[in-house]
Amino acid sequence: MLIDSPLPQLDRLFDYALPAELGEVVPGVRVKAPLRTAGRVVDGFVVEVAFEPDDARALSEVESVVSPVQVLPDRLYRLARRAADRAAGSASDILRLAVPKRQVRVEKSWHAPESVPEVDADAVARARAVIDEYRGLADVLRDAGRAAVEAIPVPQDGVPGWALLLASAAAVQLAEGRSSILVVPDYRDQELLLQALAMLLPDEAVVRSDARQSNPDRYRAFLRTLDDAPCVVVGNRSTVYAPVRAGLVALWDDGDPLLSEPLAPYVHARDAALLRHEDEGSALLLAGHTRSTDAQRLVERGWMADITAARRITPQVRLSTPQELEQLGRQRVPSSAFAAARTASAEGPVLIQVARPGFAPTLVCASCRAPARCLHCGGPLGARRRGAVPVCGWCGRAANSWHCTHCSSDQVRLASSGTERTADELGRAFPGVRVIVSDGTHPVQHVDDKPALVVATRGAEPVAAGGYRAVILLDGARMLQAPELRIGESCLRWWTNAAALAAPGAPIHLVGVDGPVARALATWTPAAYARSELEARMPLKMPPTARVAQIEGLAPSVRRALDALVPLGISGESVLGPLPVDDDGRVRALVRFSYASGQAVAAALRGVVVADAAQSRRGRGRTHVLLSVHLDILEPEI
């Protein structure tokens with residue numbers, strides 16, 4: 001059995017005896033069993049049942065069977081084990097994400113579906129027509145292949161084109177008796193995908209799975225995925241572990257950091273999907289308006305097919321002229337973009353994308369332009385509305401008697417514009433036109449086709465009925481200034497997703513940006529940009545051209561982990577650090593290694609983690625900082 005424990009030294013299978021009074025115990029059920037080293041009863045899963053001819057070996061007995069339901073089928077255990085081994089982690093940590101807590105009432109009242117959901121013939125025909133709009137996609141689905149798909153950037157039938165694409169692929173699979181797993185970054189994408197699925201499939205064929213569900217609803221959905229009747233599972237990153245017999249696993253926007261699991265062992269949903277494809281032979285799609293460098297690496301190696309639309313559709317993106325770039329400091333919205341917004345707002349909704357929410361997220365000293373910081377905690381000061389007292393973004397204190405620590409001035413000025421300030425300014429410039437704000441505080445999912453100005457942060461753009469009549473992308477230069485390795489591809493992803501919400505032929509203005517990212521947007525060549533990013537990172541051995549492990553802990557533990565990699569030929573320039581992290585003696589190091597040596601590196605690091613944890617347990621009387629290992633980090637820090 002596999003014990004459900006966060007301790008890395010317990011991440012292995014333990015042998016137990018099954019007493020006769022428990023009756024027949026099958027693999028996959030939850031059980032309780034004693035753990036001698038801890039002197040207590042622990043939870044676990046039965047992984048395998050076999051006859052032991054050697055009765056001389058004394059085994060502890062399983063104490064009880066918690067539930068007769070086989071919540072851990074063999075395919076799910078194999079996936080969890082492989083994903084954990086690849087990330088130098090524990091399988092029980094993976095299963096904690098994949099298998100929800102037991103709900104007794106739900107389990108007792110659960111009845112498996114009596115019949116397989118049928119797909120309407122007309123719906124299947126519409127789905128196949130959508131699939132046929134992409135060269136070679138039908139072959140990939142039929143042959144259980146792998147493909148990176150560039151979605152058509154035009155809304156169709158009231159939903160984004162990408163949602164209709166994934167829903168159509170799932171409908172075709174279901175019509176042929178196969179289940180599908182559709183993974184999206186957040187609830188906005190999930191709602192759009194559910195809307196597209198409702199156009200093609202009956203409600204009983206779709207299973208929603210996400211963290212926003214109540215515990216009973218989530219467990220009920222999990223029980224449905226255990227059944228052999230095919231279905232379509234839709235949810236966020238942990239949905240990739242749904243225990244259906246999948247004929248298709250599809251990820252939307254795999255470059256979104258929300259698909260990276262923040263809990264140990266930090267397995268990205270894309271990596272879990274790749275492992276699942278290898279193990280189960282399901283079709284695999286990575287779809288997006290842009291192309292992540294991770295997906296492009298797989299395409300460059302010939303491991304994934306490059307699928308594009310048979311009929312190329314390029315949004316009309318207009319970049320700022322040199323004259324407008326020079327005037328950007330004095331004029332936030334160039335005259336051409338302003339004129340386009342005024343014309344389009346008379347016909348329907350206009351989207352204005354900004355970088356940040358709020359009124360003025362940051363303030364600076366009016367005299368010396370130094371960032372305005374809270375005198376109590378040092379946090380950044382911001383304004384919630386025009387003329388309001390500045391408020392600290394960390395401690396929430398009002399800065400009534402603020403003064404600059406550099407020049408002693410007591411005056412501040414606005415350094416940036418959020419959604420509310422932008423809406424306030426545009427409301428005065430466009431009298432009589434509705435202004436709608438959509439951000440994390442004021443989420444809006446849909447807007448009608450009546451004239452309006454929709455001011456939204458990146459990723460929070462509502463879907464407009466019929467598409468936006470114009471799209472204005474502001475604060476692009478500020479977005480590109482973020483000190484992140486992937487900021488270029490992130491900006492391109494934000495901008496293409498917003499541009500894809502425009503109506504056919506609607507103008508799209510990217511304000512204040514030039515260079516490779518702007519050209520990639522204007523020519524709509526995301527794959528070419530991803531290819532150039534890979535070429536630039538290759539000499540530096542930065543991800544995803546190489547794998548990177550982050551090792552953090554006390555200096556002796558980190559040094560033992562680095563020494564364990566020396567026999568694998570990983571030392572010298574392959575190691576960055578270690579450098580101090582805090583005043584408690586913790587240090588951090590980065591290790592770069594090839595994909596070919598990934599299995600050996602993960603095993604070596606896992607061995608050090610287990611030894612470090614065991615040493616910590618033996619020395620209970622003293623404080624010990626456990627060694628942590630994070631493979632395939634998105635943003636290396638040192």
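The values are calculated or read from the model by the stated rules, or taken from the named source; none is laboratory data. Since this is a predicted model, take the numbers as computed values, not measurements. Cβ atoms come from the backbone with ideal geometry, glycine included; neighbour counts cover every protein chain shown.
Here are a few things to note about the model shown:
Every residue, every condition in (1) without any contact (Cβ under 8 Å) to a residue 12 or more places away in the chain; (2) among the charged types (D, E, K, R); (3) part of a helix (DSSP H, G or I); (4) farther than 25 Å from His446 by Cβ, yes or no:
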position	(1), (2), (3), (4)
Leu174	no, no, yes, yes
Leu201	no, no, no, no
Gln213	yes, no, no, no
Phe222	no, no, yes, yes
Thr225	no, no, yes, yes
Asp271	no, yes, yes, yes
His277	no, no, yes, yes
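- Residue ID - surrounded by the most Cβ atoms within 10 Å (Cβ to Cβ), chosen from residues in region 131-161 that are within 15 Å of Pro504 (Cα to Cα) and free of Cβ contacts under 8 Å to residues at least 60 places away in the same chain: Gln156
- One residue stands out in region 587-597 among those that are in contact with a strand residue (DSSP E or B) (Cβ under 8 Å, 6 or more places away or on another chain) and surrounded by fewer than 18 Cβ atoms within 10 Å (Cβ to Cβ): the one that is nearest to Ala87 (Cα to Cα), namely Tyr595.
- Condition check for Arg311: part of a loop (DSSP other than H, G, I, E, B), surrounded by fewer than 15 Cβ atoms within 10 Å (Cβ to Cβ) and either at pLDDT 95 or above or not β-branched (Val, Ile, Thr) (or both): yes
- Test for Val234: is it free of Cβ contacts under 8 Å to residues at least 60 places away in the same chain and either assigned by TED's automatic domain parsing to the domain that holds Ala503 or crowded, with 24+ Cβ neighbours inside 10 Å (or both): yes
- Residues of region 168-191 that turn out to be under 20 Å from Asp210 (Cβ atoms), surrounded by fewer than 21 Cβ atoms within 10 Å (Cβ to Cβ) and not acidic (Asp, Glu), as a count: 2
- For region 475-497, a residue qualifies if it is charged (D, E, K, R) and either free of Cβ contacts under 8 Å to residues at least 24 places away in the same chain or more than 14 Å from Met542 (Cβ to Cβ) (or both), and the qualifying residues are Asp475, Arg478, Arg493.
- Pick from region 525-541, criterion buried (at least 21 other Cβ atoms within 10 Å of the Cβ) and under 26 Å from Arg188 (Cα atoms), ranking: modelled with the highest pLDDT: Ala530
- Hits in region 316-348 - residues which are at pLDDT 90 or above and within 35 Å of the chain's Cα centre (by Cα): Gln316, Val317, Arg318, Leu319, Ala337, Phe338, Ala340, Ala341, Ala344, Ser345, Gly348
- Here Arg128 meets the list (1) farther than 22 Å from Arg458 by Cα; (2) basic (Lys, Arg); (3) at pLDDT below 95 almost entirely, failing just condition (3).
- Any hit, region 542-559, residues being surrounded by fewer than 23 Cβ atoms within 10 Å (Cβ to Cβ), of a type in the set (Gly, Ala, Ser), modelled with pLDDT under 95 and more than 24 Å from Asp189 (Cα to Cα): yes
- Residue check for Asp227: of a type in the set (Asp, Glu) and touching an Asp or Glu at 6+ places or on another chain (Cβ under 8 Å): no
- Identity of the residue in region 371-408, among the aliphatic types (A, V, I, L, M) and at pLDDT 80 or above, that ends up farthest from Val447 (Cα to Cα): Leu375
- Looking across region 584-598, the residues that are of a type in the set (Gly, Ala, Ser) and either more than 13 Å from Pro544 (Cβ to Cβ) or touching a residue at least 60 places away in the same chain (Cβ under 8 Å) (or both) come down to Gly585, Ala589, Ala596, Ser597, Gly598.
So that you can scan it fast, the table gives a plain yes or no per residue for (1) surrounded by 18 or more Cβ atoms within 10 Å (Cβ to Cβ); (2) touching a Ser or Thr at 6+ places or on another chain (Cβ under 8 Å); (3) outside the structural domain of Ala506 (by TED's automatic domain parsing); (4) not in a helix (DSSP H, G or I):
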site	(1), (2), (3), (4)
Ala340	yes, no, no, no
Ala344	yes, no, no, no
Asn400	no, no, no, yes
His406	no, no, no, yes
Ser409	no, yes, no, yes
Arg413	no, no, no, yes
Arg421	yes, no, no, no
Gly440	no, yes, no, yes
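- With respect to (1) outside any helix (DSSP H, G or I); (2) in contact (Cβ under 8 Å) with a residue 60 or more places away in the chain; (3) not hydroxyl-bearing (Ser, Thr, Tyr), the lone exception for Leu540 is condition (2).
- Hey, Gln190 over 29 Å from Gly466 (Cβ atoms) and either in a helix (DSSP H, G or I) or modelled with pLDDT of 95 or more (or both) or not: no
- Out of Ala148, Ala198, sole residue that is under 30 Å from Gln103 (Cα atoms) and aliphatic (A, V, I, L, M): Ala198
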